[in-house]
Amino acid sequence: AEAHQRFTDGNPESLRRFEAQTRYMPGANSRSVLFYAPFPLTIAKGEGASLWDADGHRYTDFIAEYTAGVYGHSAPEIREAVIEAMQGGINLTGHNLLEGRLAQTICERFPQVEQLRFTNSGTEANLMALTAALRFTGRRKIVVFSGGYHGGVLGFGDQPSPTTVPFDFLVLPYNDADTARVQIDEHGADIAAILVEPMQGASGCIPGGRDFLQALRDGATRVGALLIFDEVMTSRLGPHGLANGLGIRADLTTLGKYIGGGMSFGAFGGRADVMAQFDPRTGALAHSGTFNNNVMTMAAGYAGLTQLFTPEAAEALAERGEAMRSRLNALCEREGVAMQFTGVGSLMNAHFLRGEVRRVADLSAVDGRLRQLLFFHLLSQGIYTSPRGFVVLSLPLSAQDIDRYVAAVGSFIEAYRPLL
Ligand code: PLP
């Protein structure tokens, strides 16, 4: 309550805007993830790795648009690419000059993607990948994992959310290779696809074990289902994505977030024989979307992948993240608090418990208010993250910025030690 009061007192302009906007949008909101009590900050502008809110406070951005913002807020290469594309006209109603080279760049970067199609979001990419799998196998069942998040209509928090699309889902525990093997074999003849994040992002950066992911690969092959890796978040975690680094090849992969250069983006792709279903010359599977090949995304995505987030840059950012997470975990251990940071590379999440986090159920006994306290404490130190404890690195963050984050966690532990 104290943290909320301080926040309310310090942010009158954000509060005023929030209240005014509730007239036209329920909860003043189009993105549920951005809401937190007592009201969310209104962000007025960004530059590099800095954000300013409507009351003029400056923050260092440690959430980076939930991973889409790997380039920061003002990369000249992205800006110039978008302006140049717009000078050639925005809505061209045709195949355009820019989409082929982005498709080629993505296929070359992620070798498991032989062919792909663009969408406007990661959600759509997953819906289309599932559609492709249902059609390709002629089956109906889809295996997903508790804690998985594949988009606004494909959420499996502790159980499917009320807005989950009504596919025939079989929800299994994450990181449980034995259960997966048994269930896949039992339902094998009905399973069209196994859809999984190689690291669960939304439920708290829980890495999938190699054995677990390999068991899914083997199970899918055994029963003739398609393995779909949702790499919407994780494709940044290595030069060729997370699964590639583990040496496990999916039949289909879904992508999103930063790959569109910070513009609306999604893509799904993989085995050419599966993707051939969408070839309008021969296949019957339709996939349309007015903005699928919009020139801004096609231009920004290409500039980003070729000039900024190159495979070498992806590797370097992942290494910075590993180093930061090690420092944070060493700090928590030294201080003897029930707190840790899980994750891989440049994506991590604070959790308030000891012991390994292997699935979302491991977190159910933890008091969620601790994450919120951390969030408000970090805000008070000029660090913008998310109330769920998610931390995302972006290219423009400096070594000093990272030092400041670690120091802010140190001062949090100092301030709230009796609760930890
Ligand atoms: N899949 C994963 C793993 C995600 O983390 C997200 C978004 O956070 C999505 C899919 C959905 O992507 P979008 O928000 O672009 O629809």
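Observations on the model:
Condition check ((1) within 16 Å of the ligand (Cβ to nearest atom); (2) touching a His at 6+ places or on another chain (Cβ under 9 Å)) across all residues:
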residue: E13; (1), (2): no, no
residue: G27; (1), (2): no, no
residue: F39; (1), (2): no, no
residue: K45; (1), (2): no, yes
residue: V70; (1), (2): yes, no
residue: A75; (1), (2): no, no
residue: I83; (1), (2): no, no
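- Every condition in (1) farther than 23 Å from F35 by Cβ; (2) modelled with pLDDT of 95 or more; (3) away from the ligand (no atom under 16 Å from the Cβ) is met by P166 except one, and the failing one is (2).
- Residue check for G204: within 15 Å of the ligand (Cβ to nearest atom) and touching a Gly at 6+ places or on another chain (Cβ under 8 Å): yes
- Any hit, region 175-189, residues being part of a loop (DSSP other than H, G, I, E, B) and either of a type in the set (D, E) or within 12 Å of the ligand (Cβ to nearest atom) (or both): yes
- Members of region 253-305 found to be in contact with a helix residue (DSSP H, G or I) (Cβ under 6 Å, 6 or more places away or on another chain), among the hydroxyl-bearing types (S, T, Y) and away from the ligand (no atom under 15 Å from the Cβ), listed by number: Y302
- The condition of being under 18 Å from Y384 (Cβ atoms), under 21 Å from the mean Cα position of the chain (by Cα), more than 16 Å from the ligand (Cβ to nearest atom) and in contact (Cβ under 8 Å) with a residue 24 or more places away in the chain holds for only one of T60, T8, that being T60.
- Only one entry in A284, A350, A267 is surrounded by fewer than 22 Cβ atoms within 10 Å (Cβ to Cβ) and either among the hydrophobic types (A, V, I, L, M, F, W, C) or under 21 Å from the mean Cα position of the chain (by Cα) (or both), namely A284.
- Boolean, F136 is within 16 Å of the ligand (Cβ to nearest atom) and not aliphatic (A, V, I, L, M): no
- Region 97-127 - residue that is under 21 Å from G262 (Cβ atoms) and in a loop (DSSP other than H, G, I, E, B) and, of those, nearest to the ligand (Cβ to nearest atom): S121
The values are calculated or read from the model by the stated rules, or taken from the named source; none is laboratory data. Owing to the predicted nature of the structure, the values given are computational and were not obtained by experimental measurement. Glycine gets a Cβ as well: all are built from the backbone with ideal geometry, and neighbour counts include every protein chain shown.
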